[in-house]
Amino acid sequence: MTTFVSDTTTVFSRELRPVLRDPFSVIFSMLQPLLFLALFAPLLPDTGGGSALQWFVPGIVVMSCLFGTSATGANLLFEIQTGSHERMLVSPLRRPALIVGRALKEIVPMLVQAAVIVLITLPFGFTLHVGGALLALVVLALFSVGLGSLSYTLALAARNKEWMFWAVQQTLLFPLLLLAGILLPIDNAPGWLRTASQLNPLTYVVDAVRVLFNGEVFSATVGYGVLAAFAVGAVGLGIGVRAMRRTTA
Amino acid sequence: MTSTMIRTRGLTRHFTVKRQTVEAVKGLDLSVAEGELVALLGPNGAGKSTTLRMLTTLLRPTSGTAEVAGHDVIRDPRGVRNRIGYIGQGNGAGHSQRARDELISQGRAYGMSVRAARSRAAELVASLDLEAVADRVVSTLSGGQRRRLDIAMGLIHAPELLFLDEPSTGLDPQNRANLAEHIRRLRAERGTTMVLTTHYLEEADQLAERVVVIDHGRIIADDTPARLKSAHAGDRIVLEFDHDDEARRAQARGLGIAEGAVAVREGNRLELRLDGGARLAPKLLRSFDEAHLPVASVEVARPTLDDVFLNLTGRSLREEGTGTADAEESAA
């Protein structure tokens, strides 16, 4: 007999298979973050508290996760169009498992991308604090499960309108990115922008990942980041499960 | 002894399209017994796909009930899903996956062990002639190969009831024949109950033992293809004359001989619909000859299911319907 866990495992391993077979697809999707790393990072001035790279690289790890995970709904969209999603809806797989399994898979490309970014930047003077970095990846795992689930929800909502999926994804992506202070610090921004930034859950995730990557584990920043990532994970999954349940209602 | 596989009572589905309510399926009462092979026939938008989607738990009925394989589609959808197989209009296997992997993961979805799923997948790969492509990525398979893979996906758990939604759409004649062959074999070997939708008359005629004709969301006829044809469509005698005037006179004379026939004249062409056309044709020809109405050509045709549909609705199945196909698409 099947259980929620076995159903989730079935969906998860099915999603993971193409990624494992073709790992370069994961790296290909990081092209933009890598360009920012190569062409934008050198423009940053060294500030007092450490090298610019030390500040910028964790942000790029988040950016890479953001780009890849927010676009992942396109895979579901494609399967809605070709018919395999329908086939899975007729199977006894539990509806929540259909989205939880998919969302959990987002952790894997995120880990691969983070490793690639770190490996690339180490020769250029990036200092890795392993313990903190591992914790940062846990925070990002929570975040990517939630964001992935939201991306799948968007795919379910857009259904046959592929352009709508990309329009919404692109429209939300850049404000989220800029307001989270990934490319430039928000500290000296005008008040309204700082307020907007404080409303963005990604801001707390980025801040936490930054301090964690620099080896600082016990701080309020980390606490807020974990909280924000957990909230995104829980809310994302909640919305996603609801959306998946409603597709056959 | 046969038990009922499907029983619907007043099954109804409405869609709201542009603030208008479209009744895609209206109070359907349908029973299918174990082991039957039933075709739901109707033009695009007749409501057959909507019906199928409700029976397979993809769509919730607006009202009415449906019990499928012993489980209620609303109260116990997982119970239904566990016992049915479904081959949809699209490809069941994900295009970025390998064929065999998809078969195994489909088996896992139905609660089979990895080992059982693997051996069942190998069995289906062999019987559906997919050995050469089983370890390839689905997107590299040809249309016919993908369709065979779809069938394998639908059969992984050896369901007792199988639904097929427009199974032969997009297939070339050879692959269509191949599909029909698989369907027949499945019935012969396992006695699987099958319900398929189609708008191909030949398919319904050749495959199904029972044809349920659906139009505008209602069942308008339900019988074997042979009985439908004898009950709802006579033979057709098509006569051509050299002049329109001769055709006109022949029409009056022909109706006098063939009682209850329906005559349609277009220029010099006269079409008579009647029962026992093959037997009446020589008599008609003799009579026209006596009246100095030389017949240029004659053709006697047995009725098709299209004639049945035409007779029942006044429209031909071959003219693509204007019904609620769009509504189904956007709201489903």
- Item | Unmet requirement for A:R242, which otherwise passes all of (1) open to solvent by less than 70 Å² (accessible area, probe 1.4 Å); (2) in a helix (DSSP H, G or I); (3) of a type outside the set (A, V, I, L, M, F, W, C) | (1)
- Message: Looking at the range B:253-278 only, could you name the residues that are surrounded by fewer than 13 Cβ atoms within 10 Å (Cβ to Cβ) and assigned to a loop (DSSP other than H, G, I, E, B)?
- Response: B:E259, B:G260, B:G267, B:G276
- Quick check: is even one residue across the range B:289-312 at pLDDT 85 or above and part of a helix (DSSP H, G or I)? yes
- Note on the structure: Expected output for the range A:202-222 (first residue on the phi < 0 side of the Ramachandran plot and without any contact (Cβ under 8 Å) to a residue 60 or more places away in the chain, partner assigned to a loop (DSSP other than H, G, I, E, B) and small (G, A, S), Cβ below 7 Å, 6+ apart or cross-chain) is A:T203/A:A180; A:T203/A:G181
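For (1) of a type in the set (G, A, S); (2) in contact (Cβ under 8 Å) with a residue 12 or more places away in the chain, each residue gets a yes or a no:
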{"site": "A:T153", "(1), (2)": "no, yes"}
{"site": "A:A157", "(1), (2)": "yes, yes"}
{"site": "A:E162", "(1), (2)": "no, yes"}
{"site": "A:F165", "(1), (2)": "no, yes"}
{"site": "A:V168", "(1), (2)": "no, yes"}
{"site": "A:L172", "(1), (2)": "no, yes"}
{"site": "A:L177", "(1), (2)": "no, yes"}
{"site": "A:A180", "(1), (2)": "yes, yes"}
{"site": "A:N188", "(1), (2)": "no, no"}
- Task: Of the conditions (1) under 18 Å from the mean Cα position of the chain (by Cα); (2) over 18 Å from B:R315 (Cβ atoms), B:I220 clears all except one; give me its number.
- Result: (2)
- Note on the structure: Taking the range B:41-60 and keeping only residues that are more than 11 Å from chain A (Cβ to nearest Cβ) and crowded, with 18+ Cβ neighbours inside 10 Å, one is left with B:L41, B:G42, B:P43, B:G45, B:A46, B:G47, B:K48, B:S49, B:T50, B:T51
- Query: If you go through the range B:146-161 one residue at a time, how many are touching a Leu at 6+ places or on another chain (Cβ under 8 Å) and either farther than 20 Å from A:M88 by Cα or aliphatic (A, V, I, L, M) (or both)?
  - Reply: 6
- Filter the range B:70-90 down to the residues that are surrounded by fewer than 21 Cβ atoms within 10 Å (Cβ to Cβ) and touching a residue at least 12 places away in the same chain (Cβ under 8 Å), then identify the one that is nearest to the other protein chains (Cβ to nearest Cβ). B:N82
- Message: If I ask for residues that are open to solvent by 60 Å² or more (accessible area, probe 1.4 Å) and either more than 14 Å from chain B (Cβ to nearest Cβ) or not in a helix (DSSP H, G or I) (or both), which ones from the range A:155-175 would you list?
- Response: A:R159, A:N160, A:K161, A:E162, A:W163, A:W166, A:Q170, A:T171, A:L172, A:F174, A:P175
- Query: Among all residue pairs at least 6 apart or on different chains, which show Cβ distances below 8 Å where the first residue, located in the range B:106-117, is closer than 14 Å to B:M153 by Cα and the second is buried (at least 19 other Cβ atoms within 10 Å of the Cβ) and of a type in the set (D, E)?
  - Reply: B:A109/A:D7
- Within the range B:273-287, tally of residues that are in contact (Cβ under 8 Å) with a residue 40 or more places away in the chain and either among the aromatic types (F, W, Y) or over 10 Å from B:I257 (Cβ atoms) (or both): 6
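Every residue, every condition in (1) more than 30 Å from A:L184 (Cα to Cα); (2) open to solvent by 40 Å² or more (accessible area, probe 1.4 Å), yes or no:
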| site | (1), (2) |
| --- | --- |
| A:L66 | no, no |
| A:P96 | yes, no |
| A:Q113 | no, no |
| A:T121 | no, no |
| A:T127 | no, yes |
| A:G131 | no, yes |
| A:A136 | no, no |
| A:L147 | no, no |
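Is there a residue being touching a strand residue (DSSP E or B) at 6+ places or on another chain (Cβ under 8 Å) and within 13 Å of chain A (Cβ to nearest Cβ) anywhere in the range B:112-123?
No, there is no match, as no residue in the range B:112-123 is touching a strand residue (DSSP E or B) at 6+ places or on another chain (Cβ under 8 Å) and within 13 Å of chain A (Cβ to nearest Cβ).
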- Task: Would you mind telling me which numbered condition in (1) assigned to a strand (DSSP E or B); (2) at the interface with chain A (Cβ under 8 Å from one of its Cβ atoms) B:G27 fails?
- Result: (2)
- Task: List the number of the failed condition for A:T247; all other conditions in (1) within 14 Å of another protein chain (Cβ to nearest Cβ); (2) open to solvent by 60 Å² or more (accessible area, probe 1.4 Å); (3) touching a residue at least 24 places away in the same chain (Cβ under 8 Å) hold.
- Result: (2)
- Among the residues of the range B:224-238, write down those that are in contact with a Gly (Cβ under 9 Å, 6 or more places away or on another chain) and under 11 Å from B:N311 (Cα atoms). B:G234
- Considering only the range A:1-106, give the helices (runs of 4 or more DSSP H) lying wholly within it that have at least 1 residues that are in contact with a Ser or Thr (Cβ under 8 Å, 6 or more places away or on another chain) and within 9 Å of another protein chain (Cβ to nearest Cβ). A:4-21, A:73-82, A:84-90
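Go through the residues of the range B:91-101 one by one and say whether even a single one is open to solvent by less than 50 Å² (accessible area, probe 1.4 Å), within 13 Å of another protein chain (Cβ to nearest Cβ), within 30 Å of A:D22 (Cβ to Cβ) and in a helix (DSSP H, G or I).
Taking every residue of the range B:91-101 in turn, at least one turns out to be open to solvent by less than 50 Å² (accessible area, probe 1.4 Å), within 13 Å of another protein chain (Cβ to nearest Cβ), within 30 Å of A:D22 (Cβ to Cβ) and in a helix (DSSP H, G or I).
The values are calculated or read from the model by the stated rules, or taken from the named source; none is laboratory data. This one's a predicted model, so the numbers in the text were calculated from it and none came from an experiment. Quick reminder, even Gly has a Cβ in these numbers, built from the backbone with ideal geometry, and neighbours come from all protein chains shown. SASA here: full protein model, heavy atoms, side chains in, ligands and nucleic acids out. Shrake-Rupley method; radii C 1.70, N 1.55, O 1.52, S 1.80 Å.
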